[in-house]
Structures are given as structure tokens and as C-alpha cells.
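The values are calculated or read from the model by the stated rules, or taken from the named source; none is laboratory data. Bear in mind the structure is a predicted one, so any value in this text is a computation, not a measurement. Virtual Cβ from ideal backbone geometry, glycine too; neighbours counted across all protein chains shown. Accessible surface is based on the protein model in full, side chains and every heavy atom, while ligands, DNA and RNA are left aside. Shrake-Rupley method; radii C 1.70, N 1.55, O 1.52, S 1.80 Å.
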Amino acid sequence: MIHAGVEPDPTTGAIMTPIYQTSTYVQEAPAKHKGYEYARSQNPTRTALEAAFAAIENGKYGLAFSSGVAATDAVIKLLQPGDEVIAASDLYGGTYRLFTKVFEKFGIRFHYVNMQKADNIKQYITPNTKLIWIETPTNPLLNIIDIAAAAAIAKEAKALLCVDNTFASPYLQNPLDLGADIVMHSVTKYLGGHSDVIQGCLVMNDQALREQLYFIQKSCGAVPGPQDCFLVLRGIKTLHVRMQRHCENGEKIAHFLRQHSKIGKVYWCGFEDHPNFEIAKKQMRGFGGMMSFSLKDDNVDNAKKLLSSTKLFALAESLGGVESLINHPASMTHASIPKEERLKNGLTDSLIRLSVGIEDIDDLIEDLNRAIG
Ligand SMILES: Cc1ncc(COP(=O)(O)O)c(C=O)c1O
């Protein structure tokens with residue numbers, strides 16, 4: 001993580017990649033230049049970051065985007081009207097909104113499937129299936145999908161498999177190694193790690209696919225600025241130590257919640273009785289700091305009271321930063337999914353989600369204990 005993709009700056013030897021705050025590059029003669037023409041197409045700070053993305057996901061090519069949804073948008077723009085996508089039924093709300101509200105009207109058909117049994121994907125395959133889109137663990141119920149099994153099904157159908165690896169981060173899971181064609185991240189989360197950047201990325205191995213996605217990146221223009229690229233380069237340098245602590249704290253908080261008399265169900269993919277735990281153990285190196293739970297006295301008012309009572313856990317959207325966050329998916333991150341769809345997937349109005357940060361564990365437990373009352 002510390003060395004991923006980064007070489008000393010060729011012009012000065014600076015050990016930290018400089019922020020190339022420029023929109024264009026001077027050419028010696030028309031089309032005679034140093035590989036950089038215009039900063040929507042290339043920027044040296046972004047080039048270093050894209051190499052880092054590739055390195056940490058065991059991929060050949062990385063591409064940076066101005067947000068996670070911009071990265072998702074680029075993948076869907078590989079498709080044509082009439083093409084079909086099989087997507088997991090339990091997705092980040094913004095991904096679902098992009099699929100249903102933006103791309104459906106261009107004639108792309110999306111099937112939402114419960115993929116906890118990967119075989120469920122098969123019945124939706126048609127000659128028009130071009131992409132399978134999964135998120136694992138899912139946001140916010142931490143459902144686990146078998147990436148290798150989904151990759152085998154995609155391969156047989158000659159469709160691409162794209163995995164949103166935001167929740168696990170490359171420290172815990174590398175979908176390309178399991179047969180995925182594209183890995184997507186909301187870099188905003190664990191890769192940035194400090195709640196100060198909005199960014200997305202794609203990583204892949206196939207050169208032709210990289211060229212198509214690069215063409216979309218430069219043609220549509222959803223590229224991040226160099227300052228944001230610098231911040232993410234810096235964030236990645238500590239991803240491994242941050243993730244170790246997210247995992248340690250996550251495990252302790254999950255067990256604390258589970259034994260608490262006022263807490264109902266706890267969703268954390270490190271519990272041995274969590275659905276598909278064996279698959280999580282096989283494809284992940286740890287279980288992370290994301291979890292959701294309900295209160296035993298399960299109603300929205302009690303949940304809202306708790307959501308406003310914590311001090312260290314800040315009530316906010318997003319996740320994956322060093323500081324702990326508490327969130328109400330039904331009204332915040334997943335409000336763009338219609339209620340009946342949310343309930344079908346078990347996302348109740350009283351569900352509470354935690355992004356456990358890297359603070360002192362005793363302080364975090366004390367904060368939750370006091371707020372739960
Ligand atoms: C799992 C997941 N995927 C994608 C996104 C979208 O990323 P961004 O907010 O960086 O556009 C998010 C954001 O919350 C997310 O949690």
C-alpha cells in the first residue's frame with residue numbers, strides 16, 4: 001500500500017507525487033509532447049494514482065473518476081440499448097437510482113436478483129446479457145455473494161462481471177483474483193479514508209476493456225482534480241493499518257451489540273452464523289468495520305432517538321473514514337430505493353448502520369452503551 005504505483009517524481013525526484021495543478025501542457029511542435037496534452041485526458045498526479053489503484057487490486061489498469069457513481073456510470077456506458085444487466089437486488093441506493101432513473105430510459109434492461117445463491121443469476125441470462133453487477137458485502141445488510149461462482153456464470157454467458165468492492169476494500173478482498181472483469185470502488189470511502197474526498201475508480205486486466213473505459217472517461221469527462229488525487233495517494237499509504245484497526249474495532253463492536261439486551265438483530269459478516277459466512281471466509285481476509293443492527297424494541301422512533309444520541313459516532317452519510325459514523329439507511333443512504341423494494345430485501349425503517357472508525361475501542365463502546373441506554 002505504501003509503495004503502490006508511486007515512483008519518485010521524474011522531474012525533481014520528489015518522493016511524494018506533486019499536485020500537477022494544470023489544465024494543459026505546452027507542446028514542442030504540434031503533436032510533439034511528453035505524453036500529456038490536456039488534463040481531462042491525462043494528468044501526472046492522476047496517472048500515479050491510477051497505477052496505485054491497479055497495484056492494490058492486483059490489476060493491470062486503473063482509472064480514476066470524479067465519484068463512485070461516475071465510475072459506475074462509465075461501466076454502464078459500455079452497453080447499448082437492448083442490452084441487459086443482472087444486478088444484485090441489495091445495492092447501494094445511488095447505484096440503484098442510476099440504473100433505474102438514468103439508464104433504463106436509454107433502453108438498458110436491469111434485472112434485480114437475490115444473488116445470495118449465485119445460481120439464481122442463471123435464470124436471468126439471455127443472449128442480451130452483457131453485464132453482471134454485484135456488491136459484496138452489500139450496503140447496508142452485509143450480504144455476501146460468491147464472487148468466483150458469479151464470475152464462472154458471467155464467463156459462460158460471455159458477459160462482464162463488475163464487483164463493487166467498496167465495503168471490503170482491496171485490503172480484505174480482490175475480486176479480479178476471483179475472476180471478475182472489473183472492480184469498482186467508491187474511493188470516497190476506505191481508499192481515501194479521511195472523509196475529505198469524493199472519488200471513484202475502476203480496475204481491470206483486459207487492455208481492450210481498459211481502452212473502452214478510458215475512451216468513456218475522457219469523452220464524458222468525469223475525472224477527479226489533481227488535489228483530490230494527491231489526497232487519495234496519501235490515503236492509500238495507510239490503508240492497511242487503518243483496515244487492521246477497522247477490523248479489530250468492528251469485531252468488538254459487533255460482539256458488544258450482539259450481547260446487549262436492548263439490541264435485536266446484528267448484521268456483520270464475521271459472525272459464524274451470518275448467511276454465507278463460509279463464502280466470506282473464503283474470499284475475504286477479514287470482515288471489516290461495517291455493520292447494521294435493529295433494536296429489540298424495534299420501531300422507528302426508538303431508532304431515531306438512538307441515532308441522535310451518540311457523540312463519537314457522528315450521524316452522517318458515507319463510511320470508511322477514520323472517524324466512526326452512524327447512519328439511518330431508510331432515510332439517508334438508501335432513501336432513493338422505494339420502500340417496498342427496501343422491505344423486500346430486509347432493509348427496515350428502523351435499521352441502523354455503523355461505520356466503525358479507528359478510535360479507541362473503549363471510547364466507542366462507551367458512546368454506544370450510553371446512547372442505547
Ligand atoms: C457501496 C457503494 N458503492 C458506490 C457508492 C457511490 O460512491 P460515491 O458516493 O463516491 O459516488 C457508495 C457511496 O456511498 C457506496 O457505499
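Looking across the stretch 315-357 at every residue that is among the hydrophobic types (A, V, I, L, M, F, W, C) and open to solvent by 50 Å² or more (accessible area, probe 1.4 Å), the one that is nearest to Leu141 (Cα to Cα) is identified as Leu343. Suppose the filter is open to solvent by 70 Å² or more (accessible area, probe 1.4 Å), more than 17 Å from Thr45 (Cα to Cα), within 15 Å of the ligand (Cβ to nearest atom) and at pLDDT 95 or above; does Asp196 pass it? Taking the combined requirement at face value, the residue satisfies it. Looking across the stretch 166-179 at every residue that is open to solvent by less than 10 Å² (accessible area, probe 1.4 Å) and in contact with a Leu (Cβ under 9 Å, 6 or more places away or on another chain), the one that is farthest from Phe65 (Cα to Cα) is identified as Pro175. Being open to solvent by 10 Å² or more (accessible area, probe 1.4 Å) and either closer than 18 Å to Ile147 by Cα or hydrophobic (A, V, I, L, M, F, W, C) (or both) is the filter here; which residues of the stretch 70-89 pass it? Answer for the stretch 70-89, where residues must be open to solvent by 10 Å² or more (accessible area, probe 1.4 Å) and either closer than 18 Å to Ile147 by Cα or hydrophobic (A, V, I, L, M, F, W, C) (or both): Ala70, Leu78, Leu79, Ser89. Among residues of the stretch 177-192 that are touching a residue at least 60 places away in the same chain (Cβ under 8 Å) and of a type in the set (A, V, I, L, M, F, W, C), those with a beta-carbon under 9 Å from a residue that is within 10 Å of the ligand (Cβ to nearest atom) and open to solvent by 30 Å² or more (accessible area, probe 1.4 Å) at least six positions away or on a different chain give the pairs Val187/Ile198. Is it the case that some residue within the stretch 150-162 is open to solvent by 10 Å² or more (accessible area, probe 1.4 Å), in contact with a Phe, Trp or Tyr (Cβ under 7 Å, 6 or more places away or on another chain), touching a residue at least 12 places away in the same chain (Cβ under 8 Å) and farther than 29 Å from Ala254 by Cα? Checked against the condition, which is being open to solvent by 10 Å² or more (accessible area, probe 1.4 Å), in contact with a Phe, Trp or Tyr (Cβ under 7 Å, 6 or more places away or on another chain), touching a residue at least 12 places away in the same chain (Cβ under 8 Å) and farther than 29 Å from Ala254 by Cα, the stretch 150-162 yields no hits at all. Can you say whether Leu91 is touching a helix residue (DSSP H, G or I) at 6+ places or on another chain (Cβ under 9 Å) and farther than 30 Å from Pro329 by Cα, as far as the supplied structure shows? Here the answer is no, as Leu91 does not meet what is asked.
The requirement of being buried (at least 16 other Cβ atoms within 10 Å of the Cβ), at pLDDT 95 or above and within 16 Å of the ligand (Cβ to nearest atom) is not satisfied by Gly270.
Only residues that are open to solvent by less than 30 Å² (accessible area, probe 1.4 Å) and of a type in the set (Lys, Arg): list them for the stretch 99-142, please. Within the stretch 99-142, none qualify. Scan the stretch 58-68 and give yes if some residue there is among the charged types (D, E, K, R), open to solvent by 30 Å² or more (accessible area, probe 1.4 Å) and away from the ligand (no atom under 16 Å from the Cβ), otherwise no. There is at least one residue in the stretch 58-68 that is among the charged types (D, E, K, R), open to solvent by 30 Å² or more (accessible area, probe 1.4 Å) and away from the ligand (no atom under 16 Å from the Cβ).
When the stretch 218-267 is filtered for residues that are in contact with a helix residue (DSSP H, G or I) (Cβ under 6 Å, 6 or more places away or on another chain), over 14 Å from Phe287 (Cβ atoms) and open to solvent by 10 Å² or more (accessible area, probe 1.4 Å), the ones remaining, listed by number, are Ala222, Pro226, Phe230, Leu233, Phe256, Lys262. The C-beta contact set for the stretch 23-50 (first residue on the phi > 0 side of the Ramachandran plot, second residue assigned to a loop (DSSP other than H, G, I, E, B) and not small (Gly, Ala, Ser), distance under 7 angstrom, 6+ apart or interchain) comprises Gly35/Gln42.
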